[in-house]
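The values are calculated or read from the model by the stated rules, or taken from the named source; none is laboratory data. It should be emphasised that the depicted structure is a prediction, and the values quoted were computed from it without experimental measurement. We place every Cβ from the backbone using ideal geometry, glycine too, and count neighbours over all the protein chains shown. The protein model used for the area step is the full one, side chains on, heavy atoms only, and it has no ligands, DNA or RNA in it. Shrake-Rupley method; radii C 1.70, N 1.55, O 1.52, S 1.80 Å.
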Amino acid sequence: MTQKGNTTLRVAWVSILVTVILIAAKLIGGLLSGSLALISLATESALDLLSVLITLFAIKITAIPADKDHPYGHGKFDNLSSLFQSILLLGISGWIFYEALQRLLNPTHISLSIDYVTFIILIGSFILDFWRSRKLDTVGKEVRSQALQTDAIHFFGDSLSVAVVFIGLLFSRYLHLEGADSYAAMLVSGFVATLSLRQGKQALDVLTDRFEHTEDQERVSALIRTSTGVHDLEGLRMRHSGPNLFIDATVGINRVLPFASVEHILSDVKNKLINEFPNAEINLRPLPVKLKYESTFETIKLIISEEGLLPHNIELSKDQTGHVILDLHLEFPPESSLGDAHAKSEVIENRIKEHVPLISKIILHLEEERPDYAMTVVHDITVKESKLTQDMISFTKNANSSVKSVHDLTLMQLEPYKELKLGLTIVLNKDLSLSAAHDIVSGIEQDLRKKYPDLARIVIHSEPE
């Protein structure tokens, strides 16, 4: 059991001990004095004992983890306990009120023997009930236990009831008002009945998933909406189950983000909510949202990924008439048939035209996705062809005036075609834009292909000076 659970149980056992002491004291005082009001307090304390025992049972049940039959946990046993206590309390209050009313309507001479012992019992009862009420209320709020908070209200009512009885017995003892004891009993029963009805309504609200804590809803909504990566919030639902708060929400997230990024955003939102609501069980569902600044390339990639494929070499161009042309490469799983690939490509083409109306023509290059194990065999001939590699370094340095230096050149020969593969690094001015640097690299690649026709693949890495 958790530390909170141990604290709750300890407080419940202390409350049981206090209740037993109060029952004995009030019953003895009532029998010795003949006060119906004091006997009613003893009866109420007996009910307190039953209530605390019910609370103790509810605490143990609530602490049981969620299982197959109770996926949301056992928290509502706490609320059932609160409702049951409220019904019992309402019943005993009705009985006390009825007995007091009968005494007033059918007055008989009842000799009350009220002395300082009676008042000492009442003062001691008031102190214990008030202390116990504050303690249970504090712990109940800490662990979010409605059963403990019900007991706290119950015992606060007891302390006020004792005060009313104390005043009634003072009137009866010193002002000789024979009906004062009965009126005090009626006030006690009416007050306790009011508290029991209010607490019973709160228990029913939780059991029927009614949620009135608008401040909590506003806090949750604000936390979600202000989280990084969240663009919308829909369908926020919250409900209590014993000490647990369940939060269910649909969160709008940029639809072009990869799954890992979406999970990171949701995890961040959950952590923020748990920091504010430690007893919360949180269920967040991502809702793909198209943002106003979504680029055409992002839209195209998203459409293709939804069909389970990967694109590359995406390029948009515009002809002399103003028509926009899209060309790209589509990778299909190994051993795909041309017929299946073509059918899938037509679906993708139609979807792209539907979602990006500015595109007039689409040219798709269909190819098979290269598996990880299908690696090209190469031979490093950098040292062997040192004269050629030095010539390539010199040519690259002079290909563009922006090139500061060239290093890490690697020349490889591919099998079985004997074609060459070149990799190298060029140093450029760090203040260049990425676009300008890319244009320089592309120009150098074209010049190298013209100069060295055997180069089948060229990879140039650029880095700042």
I'd like the distance between the alpha-carbon centres of region 298-370 and region 402-465, rounded to an integer number of Å. 28
Considering only Cα-Cα distances, which of the following residue pairs are longer than 23 Å: Lys418/Lys451; Lys318/Lys397; Lys384/Lys404? Lys318/Lys397; Lys384/Lys404
Whose amide H sits under 5 Å from the amide H of Ile381, counting only residues 5 or more places off or on another chain, with H placed in the peptide plane? Leu411, Met412, Gln413
Students often forget the sequence filter, so: which lysines lie under 28 Å Cα-Cα from Lys141 once same-chain residues fewer than 8 apart are removed? Lys4, Lys60, Lys76, Lys201, Lys270, Lys272
Please get the size of the charge dipole for region 219-263, origin at its Cα centre, with Cβ charges of +1 on Lys and Arg and -1 on Asp and Glu, quoted in debye to the nearest 20. 140
If you take the charge dipole of region 238-335 about its Cα centre, with +1 on Lys and Arg Cβ and -1 on Asp and Glu Cβ, which of Gln320, Ser267, Leu257 is farthest toward its positive end? Ser267
Given +1 on the Cβ of Lys and Arg, -1 on the Cβ of Asp and Glu, and no further charges, what dipole in debye does region 233-336 carry about its Cα centre, rounded to the nearest 20? 580
Quick one: putting +1 on the C-beta of Lys and Arg, -1 on the C-beta of Asp and Glu, what dipole do you get for region 347-465 around its Cα centre, in Debye to the nearest 20? 340
Can you work out the FRET efficiency for the pair Glu215 and Glu306, with r the C-beta to C-beta distance and R0 = 51 Å, to the nearest 0.05? 0.80
Quick note, region 255-346: a/c under 1.5 would make it rounded; otherwise a/b > b/c is prolate and the rest oblate (a ≥ b ≥ c, C-alpha gyration tensor); here it is oblate
Rank these residues by their accessible area, most exposed first, probe 1.4 Å: Thr376, Thr226, Thr19. Thr226, Thr376, Thr19
Taking all protein chains in place and a 1.4 Å probe, what share, in percent, of the accessible surface of region 244-283 do carbon and sulfur account for? 48
Quick one: grab the alpha carbon gyration tensor of region 316-465, order the square roots of its eigenvalues as a ≥ b ≥ c, and give me rounded if a/c is under 1.5, else prolate or oblate depending on whether a/b is larger than b/c. oblate
